Amino acid sequence: MDVCAVAVAGRGLVDPREPVFAADDDALLRGRSVFETTRVYAGRSFLLDRHLARFARSAERVRLPAPDARECERLAELVIGASADQDLALRLYWTGRVLVCTAAEIDPALEAERSRGLRLVTVPWSTGALAGTKSTSYAENMAAQDGAVAAGADDALLVSSDGTVLEAPTANVFWREGDTLLTPSLDLPILAGVTRGLLLEIAERETVEGAFPLARLLGAGEVFVCSSIREVMPVASVDGKAFGLGPAAHELQRELRHRATR
């Protein structure tokens, strides 16, 4: 993503090319830092309060002091104001020493992906102690994603050693059986996605959370993933098994956009 604005606590707006983290910060030495990402629609952040609550929970999980929520909001206002009221990806970083907010352009390829649907391949996954935490220790997730791309897919679908469906490296997963939506439970080692939570609130269909085998997903009528930046993204195939771009993803995407832009 093309970063167009950066703000740092205690400094305000800085040149996006200017260094903001010290070489001896544990964020670089040990990967001990947290982040949060949300989307901005026409100059207005969406569900920022929910993201800031998760930001604080992530900090607690990695034994960092809580980030200052008001300062996070102030930095967000600065980078949004410097970016001409456009749609943006807003990201916050907290290392325990430095609080940074960035704004970047939304990848224009996302809408083309939404039109054709994502191709996923399953990747066996063993979760660590930070599962469910938005830590910047995302190297394993990125390796899974890169491996999926190398295999000719767009992204990975993470599956535990016993065949239980978990999530994508940067998104939660849903599927539809008849008129019912299913999604992995937060009792599993997955991220409590803010967009996931919103979809459970706004879905007009019955929703069921649980621990489901991969075979259950592969028998679904449609599959989709969700995240703050991708929003609701249909899945066209998993391990070569094709799915139609069904109605549930379209309905939820339309309602999400309505709530974000009204």
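Convex hull volume of the Cα atoms in segment 1-124, per residue, in Å³?
About 140 Å³ per residue, rounded to a whole number.
Please compute the contact order of segment 175-236 in relative form: average sequence separation of alpha-carbon pairs under 8 Å and at least six residues apart, divided by the residue count, as a percent.
Relative contact order comes out at 41 percent.
Which angle between 0 and 90 degrees, to the nearest 10, do you get for helix 247-261 versus the longest principal axis of the chain when only C-alpha atoms count?
Helix 247-261 sits at roughly 20 degrees to that axis.
Does anyone have the angle between helix 139-150 and the longest principal axis of the chain? Alpha-carbon axes, 0 to 90°, nearest 10?
Taking Cα atoms only, the helix is inclined about 50 degrees.
Count charges around E105 for me, please; just the other residues with Cβ under 14 Å from its Cβ, Lys/Arg as +1, Asp/Glu as -1.
Net local charge, E105 excluded: -3.
Can you tell me, using C-alpha contacts under 8 Å and at least 6 residues apart, the relative contact order of segment 2-74 as a whole percent?
In percent, rounded to a whole number, it is 18.
Hey, what's the chain come to in accessible area per residue, 1.4 Å probe, Å²?
Heavy-atom accessible area per residue stands at 46 Å².
What dipole magnitude, in Debye to the nearest 20, does segment 65-141 give about its Cα centre under +1 on Lys/Arg Cβ and -1 on Asp/Glu Cβ?
320 debye
Determine the distance separating the Cα centre of segment 65-99 from the Cα centre of segment 131-208; give it in Å without decimals.
If you average the Cα positions of each part, the centres end up 26 Å apart.
Zone of V208 (label point 7 Å along Cα→Cβ, backbone N under 11 Å): which residues in segment 182-201?
Backbone N within reach: 182-183.
Can you show me the helix-derived [θ] at 222 nm for the chain, built from DSSP H runs with n ≥ 4 at -39,500 (n - 2.57) apiece and divided by the number of residues, rounded to the nearest 500.
The helix-only estimate for the chain comes to -9000 deg cm²/dmol at 222 nm.
For labels at E71 and V14 in the simple 7 Å Cα→Cβ model, what's the distance in nm?
1.3 nm
Farthest toward the dipole's positive end in segment 115-262, which of W125, A143, P247, given Cβ charges of +1 (Lys, Arg) and -1 (Asp, Glu) about the Cα centre?
Of the candidates, P247 comes out farthest on the positive side.
Could you tell me which label, among (i) 19.0; (ii) 21.4; (iii) 20.5, carries the value of Kirkwood radius over Cα pairs in Å calculated for this structure?
Step by step, Kirkwood radius over Cα pairs in Å for this structure corresponds to label (i).
How big is the dipole moment of the chain about its Cα centre under a simple scheme where the beta carbon of each Lys and Arg is +1, that of each Asp and Glu is -1, and everything else is neutral? Debye, nearest 20, please.
Dipole about the Cα centre, nearest 20: 280 debye.
At 7 Å along the Cα-to-beta-carbon direction for both D24 and D2, put a label point, then send me their distance in nm to one decimal.
3.8 nm
Rank-order 142-155, 224-237 by packing density, defined as the average count of other C-beta atoms within 10 Å over each peptide's residues, highest first.
The densest-packed peptide leads the list: 224-237, 142-155.
Can you classify segment 150-262 as rounded, prolate or oblate using the Cα gyration tensor, where a ≥ b ≥ c are the square roots of its eigenvalues, rounded means a/c under 1.5, and otherwise it's prolate if a/b beats b/c and oblate if not?
Because its axes are fairly even, with a/c under 1.5, segment 150-262 counts as rounded.
How big is the dipole moment of segment 139-234 about its Cα centre under a simple scheme where the beta carbon of each Lys and Arg is +1, that of each Asp and Glu is -1, and everything else is neutral? Debye, nearest 20, please.
60 debye
Using the Cα centre of the chain as origin and beta-carbon charges of +1 (Lys, Arg) and -1 (Asp, Glu), tell me which of L110, L90, F21 is placed farthest towards the positive end of the dipole.
F21
Considering only protein heavy atoms and a 1.4 Å probe, what is the carbon-and-sulfur percentage of the accessible area of the chain?
Of all accessible area on the chain, carbon and sulfur atoms account for 50 percent.
The values are calculated or read from the model by the stated rules, or taken from the named source; none is laboratory data. None of these values were measured; they are calculated from a predicted model. Virtual Cβ from ideal backbone geometry, glycine too; neighbours counted across all protein chains shown. Remember, those area values only see protein heavy atoms, side chains included, never the ligands or the DNA or RNA. Shrake-Rupley method; radii C 1.70, N 1.55, O 1.52, S 1.80 Å.
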